[in-house]
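Student: Sharing a structure with you now.
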């Protein structure tokens, strides 16, 4: 079973366990009912930031949805041969580039965008969330949509944006593209910080 299908099943099971309807989850997360329905059926991918909102609503850790969540290590080097790739959609793979997902304020990732037969210019799913992003193209040609504008990035090109502006990036070519993405804040660390605050508040009340 692929990553999207597994993630979708987990979200659906947790939603039903919490007795949430799709409509309720959509209202609290800011995501559409149609998108959530596709997500639960493994037909859509989701940005880490949006997944973090769903995890918070359902009362689980973001790492619940990742099979390779890493913890602090004495060796801070991430070796290329040790990278674990997850699917972020039928044409997108991503690997987390940190040995300690909870210890830093930024989240570095590498994405592989498979060749696409669709060159129609469709922007795909447009994202908006808090924070900032830096994207650097390593290989291939990447089309970035940002604030109703379209930018074509080649190897060595980069773009830095505020994530609360509408944005997305796609590969509209017949060759694979690879890019480095660095985002802030790191949702894994944010989740841990919030959990620590709740725990400390509970201790204070006692």
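The values are calculated or read from the model by the stated rules, or taken from the named source; none is laboratory data. Only a predicted model underlies this, so the values are computations on that prediction, with no experimental measurement involved. Positions of Cβ are generated from backbone atoms using ideal geometry, with glycine treated the same way; all protein chains shown enter the neighbour counts.
Student: Please specify each residue of segment 38-86 satisfying the condition of being modelled with pLDDT under 80, assigned to a loop (DSSP other than H, G, I, E, B), touching a helix residue (DSSP H, G or I) at 6+ places or on another chain (Cβ under 7 Å) and farther than 21 Å from residue 99 by Cβ.
Tutor: 44, 45, 46
Student: Inside segment 153-165, can you point out the residues that are surrounded by 11 or more Cβ atoms within 10 Å (Cβ to Cβ) and touching a strand residue (DSSP E or B) at 6+ places or on another chain (Cβ under 7 Å)? Quick ask: steps written out before the conclusion?
Tutor: Going residue by residue through segment 153-165, those that are surrounded by 11 or more Cβ atoms within 10 Å (Cβ to Cβ) are 153-155, 157-159, 161-165.
Across segment 153-165, the qualifying residues are 153, 154, 155, 157, 158, 159, 161, 162, 163, 165.
Student: Looking only at segment 120-140, count every residue that is at pLDDT 80 or above and either surrounded by fewer than 17 Cβ atoms within 10 Å (Cβ to Cβ) or within 30 Å of residue 189 (Cα to Cα) (or both) and tell me the total. Let's see the steps before the verdict.
Tutor: Here is the first cut: in segment 120-140, the ones at pLDDT 80 or above are 127-140.
Narrowing further to those that are either surrounded by fewer than 17 Cβ atoms within 10 Å (Cβ to Cβ) or within 30 Å of residue 189 (Cα to Cα) (or both): 127-139.
Residues flagged as at pLDDT 80 or above and either surrounded by fewer than 17 Cβ atoms within 10 Å (Cβ to Cβ) or within 30 Å of residue 189 (Cα to Cα) (or both) within segment 120-140 amount to 13.
Student: Turning to a different aspect of this structure: Determine whether residue 117 is assigned to a loop (DSSP other than H, G, I, E, B), at negative phi and at pLDDT below 90.
Tutor: Details: assigned to a loop (DSSP other than H, G, I, E, B): yes; at negative phi: yes; at pLDDT below 90: yes.
Here the answer is yes, as residue 117 does meet what is asked.
Student: Filter segment 13-32 down to the residues that are under 19 Å from the mean Cα position of the chain (by Cα) and without any contact (Cβ under 8 Å) to a residue 24 or more places away in the chain, then identify the one that is farthest from residue 60 (Cα to Cα).
Tutor: Residue satisfying both the conditions and the ranking: 32.
Student: For segment 23-37, what are the residues that are surrounded by 17 or more Cβ atoms within 10 Å (Cβ to Cβ) and modelled with pLDDT of 90 or more?
Tutor: Result: 25, 26, 36.
Student: Which one of these does residue 176 not meet: (1) under 18 Å from residue 46 (Cα atoms); (2) in contact with a strand residue (DSSP E or B) (Cβ under 7 Å, 6 or more places away or on another chain)?
Tutor: Just one mismatch for residue 176, condition (1).
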